[in-house]
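Novice: Please read through the structure below; I'll follow up with questions.
The values are calculated or read from the model by the stated rules, or taken from the named source; none is laboratory data. Note that this is a predicted model, so its numbers are computed, not measured. No Cβ is skipped: glycine too gets one built from the backbone with ideal geometry, and neighbour counts run over all protein chains shown.
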Amino acid sequence: GISLLIILLVLRYEFQHWNCSVFPLLGVGITIVLTLGLMGFTQFKLTTMMVLTPMLLLAIGIGHAMQVTRRFTHELHKNHDVEDAAFKAIRYTIVPASLSIGTDLHGFFAISFVDISFYKAYAYFGIFGMATLILTTTTLIPLLMTVVPPKLGSREGTQRHWESAMGKGVTALLTGRMKWLPLALVLGILWISAHYAQLGRGINALLAGEAGRSDPEVARIQDEFDIMPGAEKGINYPRAAFKERFLLGELSGNGEVAEISDLNEFSRMMPGAITANMVIRSRNGVLPPCGEDSRDSNDDRIIGADKCYDDMEDPPQGIFNDVVVLKALSDFEDWLRQYPHVGYSTSYVQFLKTINMMLNAPAGEAPMQHMNLFAIPTRIHMQANRYAYADPDDPDYLPIPNATVQFYNAMLVNANGPGELDSFVNTTTWDEGVIVSFINTLDPVETHQTVVAIQDYLRQHENDPGMDRIRVGIEANEKIQIQVGDGLRTIVTEESIPDGKAAIGGFLGITEATRDVAFAEWLHAPAMTALTVFLMAAIMFRSWSIAFMLISLCFITLMSQYGLAGYMTSIKEWSANLAFHVQVALSIAMGLGIDYGVYMVSRLREEMQKVNADWQRALRNTIQTTGSAIVISVVVLLGSVIPLMNTKLANTWSVSLYVAEALILDVITALLFLPLLIYWLKPGFVFTVKR
């Protein structure tokens with residue numbers, strides 16, 4: 001509501017007529033209603049992520065609506081013919097609008113390939129909304145003006161003092177001795193952005209080659225091609241959903257967001273706020289039960305123990321009946337509990353160690369006084385603690401380790417109800433179980449370090465006794481049965497983690513998988529958007545040089561976005577680092593940046609034709625008309641975006657922040673830097689005058 005009111009008032013000030021204020025909002029409003037209607041028709045919920053769609057459509061659409069409205073009022077005051085004004089408004093804006101909307105649309109299109117369901121939905125609805133803007137703004141608004149035209153006596157067509165002053169001032173700057181200032185400003189922005197994104201450190205790490213891989217961070221940068229390591233791509237999920245503090249609350253005295261403060265309090269009370277689940281299974285699996293055909297008529301076994309399992313003759317199957325495997329898992333858990341970012345861990349191994357301590361503590365003494373018995377009863381352990389295991393009548397006797405743990409398994413199954421142990425171990429096969437660790441950090445850098453440390457431990461110890469019999473996690477093409485309602489559903493996994501790394505589940509696994517998605521897209525999606533912009537600009541303007549200039553604007557905007565992400569990372573503002581929920585802004589910001597450049601190039605060409613290639617006059621006229629419209633558009637867009645920053649929702653706030661930063665930079669580059677490039681390179685598209 002606040003955004004719409006700001007937009008309405010600015011439009012009323014700019015055009016001095018309610019028709020010219022209401023019709024742009026009406027056109028964009030129709031696009032938003034159509035998009036929300038499609039959401040309702042497809043029964044898609046308006047989630048915290050999807051609420052960005054109307055905001056972005058408003059921000060993008062209002063800029064195009066203002067350009068066509070400005071052109072209509074300009075033509076109307078020239079010839080006082082509403083139909084001719086509508087025709088020329090559409091004629092002169094349809095090409096730049098198509099190119100601009102096309103680049104904006106590709107920003108959503110690039111997002112649609114990200115393998116996250118709500119990303120895809122966000123992209124699909126954005127594509128639909130953007131596709132309607134040509135009809136609801138560039139076409140519909142001039143047609144509405146022909147039905148209810150502005151009064152000819154109104155001031156829409158007059159040049160305001162600030163517009164004239166801006167045209168003269170900018171022209172004097174870009175054609176005088178101070179024309180190097182915009183270039184210095186752009187270079188300064190690029191340098192600051194590279195500094196916070198740590199571009200230099202990323203390049204040095206990539207150039208270090210094999211010799212530099214002794215440094216784990218250098219190896220990570222090389223493996224992930226993290227050329228800007230200062231911009232963290234991992235995610236802090238709670239902070240991606242909610243901000244830690246918000247402005248309106250600060251003004252009222254308490255800016256804390258309850259959801260985050262409660263989570264922080266919970267984290268202090270518990271050993272960890274998120275879990276890391278590791279599925280443990282044997283590498284070879286278990287043998288199928290022997291059937292009736294496994295014995296002959298004399299009841300002699302004819303199918304060997306290597307083909308099927310006979311519970312009457314064969315020793316118990318499963319890795320959880322093997323003391324060597326259980327000792328390896330116990331060592332793994334001991335390592336986990338000592339790792340700084342693991343608050344606690346639990347598994348079926350803890351049950352076995354507990355019952356071992358309780359059953360073997362000397363009679364009459366508290367088991368807790370013999371914590372040395374809280375261990376897996378291996379042969380080495382029993383020999384070191386003979387007082388607890390030796391038979392008084394036979395001092396040389398020690399229990400058989402495998403038989404001991406199998407006895408403990410039977411006791412635990414009988415002591416618990418049906419299914420009570422199944423959360424930790426499969427008591428049917430004894431061949432699969434799970435280790436659950438509680439992670440005491442949500443910091444995206446530390447969660448990634450935890451995943452890497454666990455995977456490194458498993459890789460370093462994969463050939464140790466016991467560890468050589470297990471595999472951790474789920475691999476590609478596995479069939480897994482999951483409970484759906486009252487029945488079971490079989491799913492087939494699609495991908496494995498590369499390089500043979502263990503797949504870690506739980507919320508830590510989700511966090512790491514999201515980080516992988518972010519790394520796959522943080523360069524790819526903007527690169528595809530830039531390629532589309534370049535090709536569309538080259539085709540529509542028939543000029544390679546113009547296409548390169550517009551791409552340079554995209555690069556400046558994109559680099560500043562990476563710099564902003566680097567700054568947010570440096571202050572640990574995890575609501576706005578370069579996580580996947582923020583990356584949606586990158587392609588959108590690039591699209592917004594190209595819009596103003598397209599309109600400036602088109603108008604410069606038109607003015608150069610009118611004034612017979614007089615550069616200063618063409619530039620002044622362009623700044624006074626299209627340039628002033630761009631400034632008003634940015635003011636309107638900022639008015640629609642900035643109120644959205646006063647929210648608890650982190651994704652809305654972060655995307656608003658990135659879009660606002662891009663808008664401010666885009667107007668600077670379009671008005672001050674692009675004209676310099678055009679003047680220095682003198683592309684024929686602008687400087688060739690048709691006789």
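Novice: Might you let me know whether the stretch 289-300 holds any residue that is without any contact (Cβ under 8 Å) to a residue 24 or more places away in the chain, outside any helix (DSSP H, G or I) and crowded, with 19+ Cβ neighbours inside 10 Å?
Specialist: Within the stretch 289-300, one or more residues are without any contact (Cβ under 8 Å) to a residue 24 or more places away in the chain, outside any helix (DSSP H, G or I) and crowded, with 19+ Cβ neighbours inside 10 Å.
Novice: Give all pairs with beta carbons closer than 6 Å in which a residue from the stretch 663-691 that is part of a helix (DSSP H, G or I) meets a residue that is aromatic (Phe, Trp, Tyr); count only pairs at least 6 apart in sequence or on separate chains.
Specialist: If the second residue must be aromatic (Phe, Trp, Tyr), the pairs left are 666/596; 670/596; 685/541.
Novice: Spot the failing condition for residue 510; the list is (1) assigned to a helix (DSSP H, G or I); (2) buried (at least 23 other Cβ atoms within 10 Å of the Cβ), and only one is missed.
Specialist: (2)
Novice: Let me ask something additional. When you check residue 53 against the structure, is it modelled with pLDDT under 80, hydroxyl-bearing (Ser, Thr, Tyr), in contact with a helix residue (DSSP H, G or I) (Cβ under 8 Å, 6 or more places away or on another chain) and surrounded by fewer than 18 Cβ atoms within 10 Å (Cβ to Cβ), yes or no?
Specialist: No.
Novice: Between residues in the stretch 414-432 that are in a strand (DSSP E or B) and residues that are of a type in the set (Lys, Arg), which pairs lie under 8 Å by C-beta distance while being six or more apart or on different chains?
Specialist: Short answer, once both residue conditions are applied: 432/281.
Novice: If you don't mind, another one. Just give me the residues in the stretch 634-649 being under 20 Å from the mean Cα position of the chain (by Cα), modelled with pLDDT of 80 or more and aliphatic (A, V, I, L, M), in sequence order.
Specialist: Result: 649, single match.
Novice: Turning to a different aspect of this structure: On the basis of being over 30 Å from residue 260 (Cβ atoms), hydrophobic (A, V, I, L, M, F, W, C) and either free of Cβ contacts under 8 Å to residues at least 24 places away in the same chain or touching a Leu at 6+ places or on another chain (Cβ under 6 Å) (or both), does residue 618 make the cut?
Specialist: Taking the combined requirement at face value, the residue satisfies it.
Novice: Here's something else I'd like to know. Any chance you could count how many residues in the stretch 77-135 are outside any helix (DSSP H, G or I), among the small types (Gly, Ala, Ser) and modelled with pLDDT of 80 or more?
Specialist: Total satisfying the criteria: 0.
Novice: Continuing with the same structure: What residue, among those in the stretch 522-541 that are within 15 Å of residue 109 (Cα to Cα) and of a type in the set (Gly, Ala, Ser), is modelled with the lowest pLDDT?
Specialist: 525
Novice: Among (1) under 24 Å from residue 413 (Cα atoms); (2) among the polar types (S, T, N, Q); (3) free of Cβ contacts under 8 Å to residues at least 12 places away in the same chain, which single condition is residue 378 missing?
Specialist: Of (1) under 24 Å from residue 413 (Cα atoms); (2) among the polar types (S, T, N, Q); (3) free of Cβ contacts under 8 Å to residues at least 12 places away in the same chain, only one is false for residue 378: (3).
The rows are residues; the columns are (1) acidic (Asp, Glu); (2) more than 21 Å from residue 588 (Cβ to Cβ).
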{"site": "620", "(1), (2)": "no, yes"}
{"site": "623", "(1), (2)": "no, yes"}
{"site": "626", "(1), (2)": "no, yes"}
{"site": "633", "(1), (2)": "no, no"}
{"site": "645", "(1), (2)": "no, no"}
{"site": "653", "(1), (2)": "no, no"}
{"site": "660", "(1), (2)": "no, no"}
{"site": "666", "(1), (2)": "yes, no"}
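Novice: For the stretch 586-619, name all the residues that are surrounded by fewer than 24 Cβ atoms within 10 Å (Cβ to Cβ), in contact with a Lys or Arg (Cβ under 8 Å, 6 or more places away or on another chain) and assigned to a helix (DSSP H, G or I).
Specialist: Within the stretch 586-619, 607, 609 qualify.
Novice: Please find, among 405, 349, the residue that is at negative phi, touching a strand residue (DSSP E or B) at 6+ places or on another chain (Cβ under 9 Å) and assigned to a helix (DSSP H, G or I).
Specialist: Every option except 349 fails the conditions.
Novice: Can you tell me which residue is modelled with the lowest pLDDT among those in the stretch 59-76 that are out of contact with any Ser or Thr (no Cβ under 6 Å at 6 or more places or on another chain) and closer than 16 Å to residue 592 by Cα?
Specialist: Initially, the stretch 59-76 is screened for residues out of contact with any Ser or Thr (no Cβ under 6 Å at 6 or more places or on another chain), giving 60, 62, 69-70, 72-76.
Okay, now just the ones that are also closer than 16 Å to residue 592 by Cα, so 60, 62.
On the way: 60: 76, 62: 79.
Among those that are out of contact with any Ser or Thr (no Cβ under 6 Å at 6 or more places or on another chain) and closer than 16 Å to residue 592 by Cα, it is 60.
Novice: Could you list, in sequence order, the residues of the stretch 346-364 that are aliphatic (A, V, I, L, M) and touching a Phe, Trp or Tyr at 6+ places or on another chain (Cβ under 6 Å)? Walk me through how you get there before you give the answer.
Specialist: We begin by selecting, within the stretch 346-364, every residue aliphatic (A, V, I, L, M); these are 349, 352, 355, 357-359, 361, 363.
Residues satisfying the conditions are 352, 355, 357.
Novice: Right, next: What are the pairs with Cβ atoms under 7 angstrom where one residue, in the stretch 525-538, is without any contact (Cβ under 8 Å) to a residue 24 or more places away in the chain and outside the structural domain of residue 123 (by TED's automatic domain parsing) and the other, located anywhere, is of a type in the set (Gly, Ala, Ser) and part of a helix (DSSP H, G or I)? Sequence gap at least six, or different chains.
Specialist: From the stretch 525-538, the pairs are 534/547; 538/547.
This table checks each residue for (1) part of a helix (DSSP H, G or I); (2) outside the structural domain of residue 404 (by TED's automatic domain parsing).
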| residue | (1), (2) |
| --- | --- |
| 260 | yes, yes |
| 271 | no, no |
| 279 | no, no |
| 306 | no, no |
| 311 | no, no |
| 325 | yes, no |
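Novice: With farther than 23 Å from residue 332 by Cβ, in the same structural domain as residue 434 (by TED's automatic domain parsing) and either at pLDDT 90 or above or among the basic types (Lys, Arg) (or both) as the only criterion, which of 388, 375 stands out?
Specialist: Details: 375 fails: farther than 23 Å from residue 332 by Cβ.
The conditions single out 388.
Novice: Evaluate the following for residue 205: is it touching a helix residue (DSSP H, G or I) at 6+ places or on another chain (Cβ under 6 Å) and surrounded by 14 or more Cβ atoms within 10 Å (Cβ to Cβ)?
Specialist: It is true that residue 205 is touching a helix residue (DSSP H, G or I) at 6+ places or on another chain (Cβ under 6 Å) and surrounded by 14 or more Cβ atoms within 10 Å (Cβ to Cβ).
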